[in-house]
Amino acid sequence: MRDDRLLEMRVFVAVVEAGGFTAAAHTLGVSQPFVSQTLQRLEARLGARLLHRTTRGHRLTAEGERFLDAARGVLAEVERAEADWQQSDDRIDGTLRVSVPIAFGLDRITPLVPGLLARHPNLSLEVRMTDDTENLIDDRIDVAIRMGRLPDSRLMHRRLCHLQRIVVAAPALVAAHGAPERPEDLARMPCLAWDGSREHLNRWPFEVDGAPVVFRAESRFRSNQGMSLAQMCLAGLGVMRMAEHLARPALADGRLVQLLAAQTVRDDSAIYAVFLPDRQQVPRIRVFIDAMAEAFRAPDWEGAVPLSPG
């Protein structure tokens, strides 16, 4: 039986502390309708109105003030109970639900799972692999690994490592079409492009003679999954702007070659662990994030092959 009482309390407290429904939605990483509907369910279950809503905002009712104190106490007690119980590694228990991008999850997160579970025999791990941005509350995610620039959100996050994407292709493709000398030369080569919510990654940034240049990648093959694009790149179907964790090992063993290295700009992005603001002290969340931070403190792919000067 699903019990959403703690979730409803968390949303209610977020609305009060953030100062509104929209701000609470940003804080929790959910939609504004989700916050509104959750509060409506809470009020219906309690049989009391907790907030007076007006066109200028909201204020707590007398019932809301009493319930706010109770909700804060309950949430604090839950966190304290878990922290007191799980003071040592062998008492880290429960189920941790993690959302990770498909390619990074398969390539880099999955190999870390056996060691993590061996260190914490009472911990269970559910890994959801998707290139979509999941809703932490609605999808019941404890930690999400996200790549790129984080949206404007009050979600808590911890930076794991720098994220760099580089333009690469299979040697046979370069032999057939010639190596490009400038970004515009990519227009005569087949490229690979993202679809759906990652379409912004089809804008490839370069710097030519000190000036920024953006190449817009078009493709006969598009996908919303990074692993499928990487596989097509390795098969010689097209040029790809690929994340380093996949690209550098393939550069090192000759399966790929880097293009336009001298004109590649350093990305202003990173790989993050993201979690709800009131969950940072939950022991099973903390040990997972600590393990990821340690694993990627000095990423091994950064030593696979240096960025060539061109």
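Shape verdict for the range 193-279, please, from the Cα gyration tensor: rounded (a/c under 1.5), prolate (a/b greater than b/c) or oblate.
Details: a/c = 1.44, a/b = 1.21, b/c = 1.19.
Because its axes are fairly even, with a/c under 1.5, the range 193-279 counts as rounded.
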Exercise. From the square roots a ≥ b ≥ c of the eigenvalues of the alpha-carbon gyration tensor of the range 249-293, which class results: rounded (a/c under 1.5), prolate (a/b over b/c), or oblate?
Worked result: oblate
Exercise. With the chain treated as a Gaussian network of Cα nodes joined by springs under 10 Å, which of L125, L229, L28 yields the largest mean-square fluctuation?
Worked result: L125
For this session: Report the charge-dipole magnitude of the range 127-284 in Debye, nearest 20, computed about the Cα centre from +1 at each Lys and Arg Cβ and -1 at each Asp and Glu Cβ.
Result: 280 debye
Exercise. Please state the Cα pair-distance histogram of the range 118-276 with 5 angstrom bins from zero: what percent is in each bin?
Worked result: 1, 8, 16, 19, 19, 14, 10, 7, 4, 2, 1, 0
Problem set entry | Residue with peak Gaussian network fluctuation, the chain [Cα springs, cutoff 10 Å], from F21, F275, F34 | F34
Exercise. Taking square-rooted eigenvalues a ≥ b ≥ c of the alpha carbon gyration tensor, is the range 151-198 rounded, prolate or oblate, where a/c under 1.5 means rounded and, failing that, a/b exceeding b/c means prolate?
Worked result: prolate
Exercise. For the chain, modelled as a Gaussian network with Cα springs under 10 Å, which listed residue fluctuates most, D267, D253, D93?
Worked result: D253
Exercise. Which part of the range 11-29 falls in the paramagnetic zone of R45, meaning amide N under 15 Å from the point 7 Å along Cα-to-beta-carbon?
Worked result: 11-14
Problem set entry | Cβ-Cβ FRET estimate between T95 and R53, R0 fixed at 30 Å, reported to 0.05 | 0.25
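So for the chain: antiparallel DSSP bridges make up what percent, rounded to the nearest 5?
Numbers: 28 of 40 bridges.
That works out to approximately 70 percent antiparallel.
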Seminar exercise, completed: Once the dipole of the chain is set up from charges on Cβ (+1 Lys and Arg, -1 Asp and Glu), the residue from the list A262, M129, A298 lying farthest towards its positive end is M129
For this session: Give the Cα extents of the chain along the principal axes, in whole Å, largest first.
Result: 73, 51, 35
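Return the calculated 222 nm mean residue ellipticity for the chain, to the nearest 500 deg cm²/dmol, obtained by summing -39500 (n - 2.57) across DSSP H runs with n ≥ 4 and dividing by the residue count.
On the way: 9 runs with 106 residues, N = 310.
Computed ellipticity for the chain at 222 nm equals -10500 deg cm²/dmol.
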For this session: State the extension gain, in nm to one decimal, for the chain segment bounded by S124 and R266, taking 0.36 nm per residue of separation less the distance between their alpha-carbons.
Result: 47.4 nm
Exercise. So if R0 is 22 Å, what FRET efficiency would V208 and R149 give, r being the distance between their Cβ atoms, rounded to the nearest 0.05?
Worked result: 0.45
Exercise. When the distances between all Cα atoms of the range 5-85 are binned every 5 Å from zero, what whole-number percent does each bin get?
Worked result: 3, 16, 26, 26, 17, 7, 4, 1, 0, 0
Exercise. Projected onto the charge dipole of the chain (+1 at Lys/Arg Cβ, -1 at Asp/Glu Cβ, origin at the Cα centre), which of A71, H177, G20 gives the Cα projection farthest towards the positive end?
Worked result: G20
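Each reported figure results from applying straightforward, stated rules to the coordinates on display, with no laboratory input. This structure is a prediction, so every number in the text was calculated from the model and none was measured. Because the Cβ atoms are built from the backbone with ideal geometry, glycine has one as well, and the counts that use them run over all protein chains shown.
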